[in-house]
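Enquirer: This is the structure I want to talk about, given as structure tokens.
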Amino acid sequence: MKLETLTGWRRRLRAREISSRELTELYLGRIARLDAQLNSFITVTDELALAAADAADERLGRGEETPLLGLPVAQKDIFCTEGVRTSCGSRMLDPFVAPYDATVVARMKAAGAVMLGKTNMDEFAMGSSNETSFYGPVCNPWDPDRVPGGSSGGSAAAVAARLVPAATGTDTGGSIRQPAAFCGITGLKPTYGRVSRYGMIAFASSLDQGGPMAATAEDCALMLNAMAGFDPRDSTSVERRAEDFSADLERDLKGLRIGLPREFFGEGLDPEMRAAIETALAVLKDRGAILVDINLPNSGLSVPAYYVVAPAECSSNLARYDGVRFGHRCADPLDLQDLYTRSRAEGFGAEVKRRIMIGTYVLSAGYYDAYYLKAQKVRRLIADDFRRAFTEVDVIAGPTTPELPFRLGEKSADPVKMYLSDIYTIAVNLAGLPGLSMPAGTIGNLPVGLQLIGNYFDEARLLNVAHQFQQDTDWHARMPAAFV
Amino acid sequence: MSLDSDAVRRIAHLARLAVDDREAEGFASALSDIFEFVETLEGADIAGVEPMAHPLDAEQRLRPDAVTETDQRDRFQQSAPSAEGGLYLVPRVIE
């Protein structure tokens, strides 16, 4: 059977050409048959999925129409799911069965989605390659020797291999966009505050944002309609009236001003990558967009600023893992101090420990001004660059990553090298803006991602531009050969 | 900036992480590399710039001071490694 997009399956479900049970069995079958090659799922929830599919079929039979009714999806294992293990890719939470649903999960359930399982990820979302997961690395479906990106690497690989039509991700420094680029799918990080963080395990609270990952922009719009919305349980959730992110997809691009930051096309960008991005930009130009050079002069400071702000918030957030209330506890603790230090040492992997220690140090007495306060000031410089740019252009475009998916193990011994793989995505998180990555070409057999950055709350515009691009290109429809 | 193993042990203590001597050396070298990288911030011109804590400079929203949650202690304590009679159990703290 032809593997449709999320939107395509929605049409066929409503036309009663296929039942949700048949669709769910189709994808569960693909996971069972193919995921051994990828390791993209940590937990597969077959029985819950089939029960949800049957319930969806009943509702479809009654003529009900909720946005995701009967559609199979996967949740990144950072979202709490009631009664289902929620590990966050860590040994620390390996025994943790969440007692409640994250708002995103609850909203998607209410929209009728059928959850197939929980996807693999870098431990506590700290990584750019999915290699820090306690459950082992994920392979890139286009080349099993290469990483899928991270931290939402499981979601990206699963969607790319069509083990599920769509999945959720979270993006603190590029964790939706970079794996979307590496795996050749479409992923959107919404404006900070759009999607509730309630029940989304916290890494860096002023940067974390959940969003959709799917084959197409149209599918991402459908997902975001279900995921976004004000939530009184998230203190940073933005109060805005509901928006239909699918409404503007067909708008033409005539006169749209697209800014190309010189800093994103300079030294450090793979020349073949640059050529692929320029070819993709020409497609947008043919649709009537106007390409304008712009500057984001402080963007070079974004990665170092991030590696102060994010670890500081991480060290505070991860203080909750104490071996007392939930999660891993060491055997035979001698005293309370031993209980804390050994449970945490055993429960966390090396990258998480590094970040906790960086954060602890930059927040410690005497160093706060030199690191944290300075980074928060640099953060404003970076946000101001974007503010200025958006007085001249409607959208900003450039590469999502400086290079193609790298090999497993290639950067794992050198943290700074790994951090620099997010050089084009991190500034967007510091500013709190929406950003999207879409497949825009291939080099050899490997996908290239084009990033679109929008002004605050301009997700509909990003999805519109990506959808128009996807009318004239078929990169989003290509599948890795091993998974056809 | 360069950190030695002693500095790592002090930070690890503040962060409640047990590290052995061999690990402390590995962390010292990795953290030194990371701090050296972070120090590129030294060059930033931040005179007169207000620190930014929230992307939208939003203010803290307050809710009415009303009870909205029900008691779910037993359910939540099922996640605890060790709990009894509504209490979390830890090694003896007071002799």
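Enquirer: Does B:M1 count as assigned to a loop (DSSP other than H, G, I, E, B) and more than 8 Å from chain A (Cβ to nearest Cβ)?
Expert: yes
Enquirer: Restricting to the stretch B:20-47, and then to whatever is more than 7 Å from every other protein chain (Cβ to nearest Cβ) and outside any helix (DSSP H, G or I), can you tell me which residue is nearest to A:V308 (Cα to Cα)?
Expert: Applying the filter and picking the extreme gives B:D45.
Enquirer: Follow-up. Scan the stretch A:343-352 and tell me whether some residue there is at the interface with another protein chain (Cβ under 7 Å from one of its Cβ atoms) and either buried (at least 21 other Cβ atoms within 10 Å of the Cβ) or of a type in the set (S, T, Y) (or both).
Expert: Within the stretch A:343-352 (the criterion being at the interface with another protein chain (Cβ under 7 Å from one of its Cβ atoms) and either buried (at least 21 other Cβ atoms within 10 Å of the Cβ) or of a type in the set (S, T, Y) (or both)), the answer is yes, since at least one residue qualifies.
Enquirer: Now a separate question. Among the listed residues A:S421, A:S412, A:S364, which satisfies the condition of being touching a residue at least 40 places away in the same chain (Cβ under 8 Å), of a type in the set (S, T, Y) and surrounded by fewer than 22 Cβ atoms within 10 Å (Cβ to Cβ)?
Expert: Step by step, each of A:S421, A:S412, A:S364 is checked, and only A:S412 is touching a residue at least 40 places away in the same chain (Cβ under 8 Å), of a type in the set (S, T, Y) and surrounded by fewer than 22 Cβ atoms within 10 Å (Cβ to Cβ).
Enquirer: Something else now. Taking the criterion of being within 14 Å of chain B (Cβ to nearest Cβ) and among the aromatic types (F, W, Y), would at least one residue in the stretch A:75-87 satisfy it?
Expert: no
Enquirer: Being at pLDDT 95 or above, within 15 Å of the chain's Cα centre (by Cα) and assigned to a loop (DSSP other than H, G, I, E, B) narrows it down to one of A:G127, A:G112, so name that one.
Expert: A:G127
Enquirer: From A:P137, A:P95, grab the single residue that is assigned to a loop (DSSP other than H, G, I, E, B) and surrounded by fewer than 20 Cβ atoms within 10 Å (Cβ to Cβ).
Expert: Checking each option against the conditions leaves just A:P95.
Enquirer: Let me ask you something else. All but one of (1) within 7 Å of another protein chain (Cβ to nearest Cβ); (2) touching a residue at least 12 places away in the same chain (Cβ under 8 Å); (3) within 22 Å of A:P304 (Cβ to Cβ) hold for B:A12; state the number of the condition that does not hold.
Expert: Checking B:A12 against (1) within 7 Å of another protein chain (Cβ to nearest Cβ); (2) touching a residue at least 12 places away in the same chain (Cβ under 8 Å); (3) within 22 Å of A:P304 (Cβ to Cβ), the one that fails is (3).
Enquirer: Hey, does the stretch A:378-399 have a residue that's of a type in the set (V, I, T), touching a Phe, Trp or Tyr at 6+ places or on another chain (Cβ under 7 Å), crowded, with 22+ Cβ neighbours inside 10 Å and closer than 20 Å to A:L281 by Cα?
Expert: Checking the stretch A:378-399: not a single residue is of a type in the set (V, I, T), touching a Phe, Trp or Tyr at 6+ places or on another chain (Cβ under 7 Å), crowded, with 22+ Cβ neighbours inside 10 Å and closer than 20 Å to A:L281 by Cα.
Enquirer: For the list (1) more than 8 Å from chain B (Cβ to nearest Cβ); (2) in contact (Cβ under 8 Å) with a residue 12 or more places away in the chain; (3) not in a strand (DSSP E or B), I need the number of the one condition that A:G398 fails.
Expert: Unmet condition: (3).
Enquirer: Just to be sure before I move on: is A:A319 facing another protein chain (nearest Cβ under 10 Å) and surrounded by fewer than 20 Cβ atoms within 10 Å (Cβ to Cβ) in the structure I sent?
Expert: Considered against the rule, which asks whether it is facing another protein chain (nearest Cβ under 10 Å) and surrounded by fewer than 20 Cβ atoms within 10 Å (Cβ to Cβ), A:A319 comes out as yes.
Enquirer: Determine, yes or no, whether A:P95 is within 14 Å of another protein chain (Cβ to nearest Cβ), out of contact with any strand residue (DSSP E or B) (no Cβ under 7 Å at 6 or more places or on another chain) and of a type outside the set (A, V, I, L, M, F, W, C).
Expert: Here the answer is yes, as A:P95 does meet what is asked.
Enquirer: What residue, among those in the stretch A:442-484 that are under 20 Å from the mean Cα position of the chain (by Cα) and of a type in the set (F, W, Y), is nearest to A:L38 (Cα to Cα)?
Expert: A:W475
Enquirer: Separate question: Which one of these is under 20 Å from the mean Cα position of the chain (by Cα), away from every other protein chain (no Cβ under 14 Å) and in contact (Cβ under 8 Å) with a residue 12 or more places away in the chain: A:P434, A:P439?
Expert: From the options A:P434, A:P439, the qualifying one is A:P439.
The values are calculated or read from the model by the stated rules, or taken from the named source; none is laboratory data. Treat the numbers as computed from the prediction; the structure is a model and nothing was measured. When we count neighbours, we look across all protein chains shown, and the Cβ atoms used for this are built from the backbone with ideal geometry, even at glycine.
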